[in-house]
Amino acid sequence: MDRVDRLYCFLRERLGLDDLQRLASKKRIPIHGSTHFYYFGGMALFLFMIQIVTGILLSLYYKPSPDQAFESVEAIVTEVDFGWLIRSAHSWSANLLIGVLFLHLLTTYLMRAYRRPREITWVTGVMLLGLFMAFGFSGYLLPWNELAFFATRVGTAIVGIVPVIGPQLLLLARGGEEVTGDTLARFYSLHVVVLPLLTFTLLGAHLFLVQKHGMSVPGREAGVHDDRAGSPSMPFVPDFLLRDMVGWYLALALLAALSALFPWELGTKADPFSSAPEGIQPEWYFLFMFQTLKLIPAYIGPFNGEVIGVLFFGMCGLVVLLTPFLDGGRNSRAVLNVLAAIAVAFFIVMTAWGWFSKADQQLWRIVLGALLTTIALFLLVPSTNPKTGARQMLYGFMALAVVVLLAAACWEVLA
Amino acid sequence: MVDGRQDGNRRAWLLRSLAGAISATVVAVFYPVACFLRPRRATVSGALEVVAPFKVNELPDASGNPFNFGGKPCLVVLTPEGTKRLASGARLRPDDVRAFDAVCTHLQCTVEYRADHDDIFCPCHDGVYDLNGRTVSGPPPRPLEMYKVTLRGAAGKEEVVVSRKS
């Protein structure tokens, strides 16, 4: 017995590694057409860990005060070795994380993995998505640049629109009537203390529930294999874990490429008394709300348009949160599916519109829309039956979207 | 022909490449992190010359003493002979005003001048230095570093210019 084996035996006896091993060997992953949807959760977890590490690193040099915040971030990207890379990785990873979470939500919905007994798993997941969007919003202000300052002003003003409690919420969010150094301190505390604590709690519950109930098998797949014992599956360790790690590698490679090739911009320092810069926009995952609020008229009948918009998005969030309890059979499921399709289409159209909001960017709007549509359709492929016409129709739509994408891109490049 | 041994070799080679690739990734990730943790280069280093924020006649209880000398506290001391000369209106000699790196050589507390004892005292662990910076008693292992002092300006109200070589 060599030294490594002896050390392993020493630890196994004292830490009860056998129990852990038994637990790990018990966990199995079902194999079916949609198995690769399971990778999104692991990828999100991996990106969250990157966020923790890079966030801790940035906090070593960052100073949360209006006099020093911008200068300290400037020092991070110019003076500290590899500071530009760490900051870029933090920003890019945040965006990738939100993107992966959207896909995780969408694919979980497609597989209807929220069915009994996994309702609470779904609810904690949607709440985690909300927390990560709050991370994004609070982190956006921290560099104290012009864009962040006005995005925070607009974002918190939207909170103020909420009927009855809006003005109080606004004061609470900003720590005053205006966006000041106190707002920065609040957002910093939220970003590095409050939200991480909430996230760890909810994430712990989410992961525990996933382990407890095991992986959900889509109803159609479960119907194919009637006897549960006979349905194909693979062990989590090492088969699925190694596949999961390939997903992490892909995420890491994409993150490294994006951070190195497109370092995150810092912009200019915020001046609370200058006018807002042109083309001001929030992060892409808030863009669909931003664009909708831009399009809503000031008054719809006797009601304030913005109030309607804010209430509408609040209702949408509530429906997403309560999806497992609204799915009560074939009819309600059909309604939910139609709503989900409309919501995804709405998200794609509004994001593309908001992204290229200038008149001469119409073609780019189509390119982005077609690209997002192709991705969304591609996600649908595993959840359709290859034997039915639905799969063919899906391929047809995808081909159409790709043709539109290529045509618009070619036209834009040639013109 | 693939026999069992060859197959085992191939598997071992694959596992080694996998381990190698993962190790390379770990190095590629941790090298920037380690560099990031290294402190920024100091903004002030080498030779330095600073004018103390007080005049000679304000010593020994001048406010702002010790003062910031390139990021470290610097203590300026007027010797008892200097105090006498200043009181009698005589011209100060170059040796009458001394400046020290005020960081105790024991565990880096900041030292103070005790006029009633004519010594430099570290309150953290009762280290005592004389007015040449040498250890008199207590734990400090080395004398305090002494800086060059130049006096300039009107007699009796000279400015204290402290300098050090690189």
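Reported count of residues in region B:28-79, each being in contact with a strand residue (DSSP E or B) (Cβ under 6 Å, 6 or more places away or on another chain) and within 14 Å of another protein chain (Cβ to nearest Cβ), is 0.
Since residue A:217 meets every condition but one in (1) in a loop (DSSP other than H, G, I, E, B); (2) farther than 30 Å from residue A:119 by Cα, which condition does it not meet? Checking residue A:217 against (1) in a loop (DSSP other than H, G, I, E, B); (2) farther than 30 Å from residue A:119 by Cα, the one that fails is (2).
Taking the criterion of being under 15 Å from residue A:192 (Cα atoms) and within 14 Å of chain B (Cβ to nearest Cβ), would at least one residue in region A:90-107 satisfy it? The answer is yes, given that some residue of region A:90-107 is under 15 Å from residue A:192 (Cα atoms) and within 14 Å of chain B (Cβ to nearest Cβ).
Summed over region B:35-70, residues that are part of a loop (DSSP other than H, G, I, E, B), under 18 Å from the mean Cα position of the chain (by Cα) and modelled with pLDDT of 85 or more total 3.
Listed here are the residues, each with its yes/no results for (1) within 14 Å of chain B (Cβ to nearest Cβ); (2) exposed (fewer than 12 other Cβ atoms within 10 Å of the Cβ); (3) over 22 Å from residue A:107 (Cβ atoms).
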{"residue": "A:187", "(1), (2), (3)": "no, no, yes"}
{"residue": "A:191", "(1), (2), (3)": "no, no, yes"}
{"residue": "A:213", "(1), (2), (3)": "no, no, no"}
{"residue": "A:221", "(1), (2), (3)": "no, no, no"}
{"residue": "A:237", "(1), (2), (3)": "no, no, yes"}
{"residue": "A:266", "(1), (2), (3)": "no, no, yes"}
{"residue": "A:273", "(1), (2), (3)": "no, yes, yes"}
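Considering region A:104-202, the qualifying helices (runs of 4 or more DSSP H), each wholly inside and each with 1 or more residues that are under 19 Å from residue A:288 (Cα atoms), run over A:119-141, A:146-161. Based on what the data block shows, is residue A:257 modelled with pLDDT under 85 and part of a helix (DSSP H, G or I)? Answer is no for this residue.
Inclusion of residue B:21 among residues that are within 14 Å of chain A (Cβ to nearest Cβ), more than 28 Å from residue A:60 (Cα to Cα) and aliphatic (A, V, I, L, M) is warranted. Contact map, region A:288-316: first residue on the phi < 0 side of the Ramachandran plot, second residue part of a loop (DSSP other than H, G, I, E, B) and surrounded by 16 or more Cβ atoms within 10 Å (Cβ to Cβ), Cβ cut-off under 7 Å, separation 6 or more or different chains; pairs are A:290/A:281; A:290/A:282; A:305/A:296; A:306/A:296; A:308/A:296; A:309/A:296; A:310/A:162. Evaluated against (1) among the aliphatic types (A, V, I, L, M); (2) within 14 Å of another protein chain (Cβ to nearest Cβ); (3) out of contact with any strand residue (DSSP E or B) (no Cβ under 9 Å at 6 or more places or on another chain), residue A:73 falls short on exactly one condition, (3). Considering A:139, A:83, A:130, A:125, the condition of being of a type outside the set (D, E, K, R) and either at positive phi or within 14 Å of chain B (Cβ to nearest Cβ) (or both) is satisfied by A:83 alone. Pairs linking a residue in region B:93-109 that is in a helix (DSSP H, G or I) to a residue that is among the β-branched types (Val, Ile, Thr), with Cβ atoms under 7 Å and 6 or more positions apart or on different chains, are B:96/B:79. Could we say that residue A:251 is buried (at least 16 other Cβ atoms within 10 Å of the Cβ), out of contact with any strand residue (DSSP E or B) (no Cβ under 6 Å at 6 or more places or on another chain), modelled with pLDDT of 90 or more and within 14 Å of chain B (Cβ to nearest Cβ) here? Spelling it out, residue A:251 is indeed buried (at least 16 other Cβ atoms within 10 Å of the Cβ), out of contact with any strand residue (DSSP E or B) (no Cβ under 6 Å at 6 or more places or on another chain), modelled with pLDDT of 90 or more and within 14 Å of chain B (Cβ to nearest Cβ).
Any residue in region A:50-58 that is away from chain B (no Cβ under 13 Å), buried (at least 18 other Cβ atoms within 10 Å of the Cβ), in contact with a helix residue (DSSP H, G or I) (Cβ under 9 Å, 6 or more places away or on another chain) and among the hydrophobic types (A, V, I, L, M, F, W, C)? Within region A:50-58, none of the residues are away from chain B (no Cβ under 13 Å), buried (at least 18 other Cβ atoms within 10 Å of the Cβ), in contact with a helix residue (DSSP H, G or I) (Cβ under 9 Å, 6 or more places away or on another chain) and among the hydrophobic types (A, V, I, L, M, F, W, C). Of all the numbered requirements in (1) within 14 Å of chain B (Cβ to nearest Cβ); (2) within 25 Å of residue A:375 (Cα to Cα), residue A:37 misses one, and that requirement is (1). Somewhere in region A:163-172, is a residue of a type outside the set (Phe, Trp, Tyr) and either crowded, with 20+ Cβ neighbours inside 10 Å or within 24 Å of the chain's Cα centre (by Cα) (or both)? No, region A:163-172 has no match at all.
The values are calculated or read from the model by the stated rules, or taken from the named source; none is laboratory data. Predicted model only: the values in this text are computed from it and were never measured. As a convention, Cβ positions derive from the backbone with ideal geometry for all residues, glycine included, and neighbour counts pool all protein chains shown.
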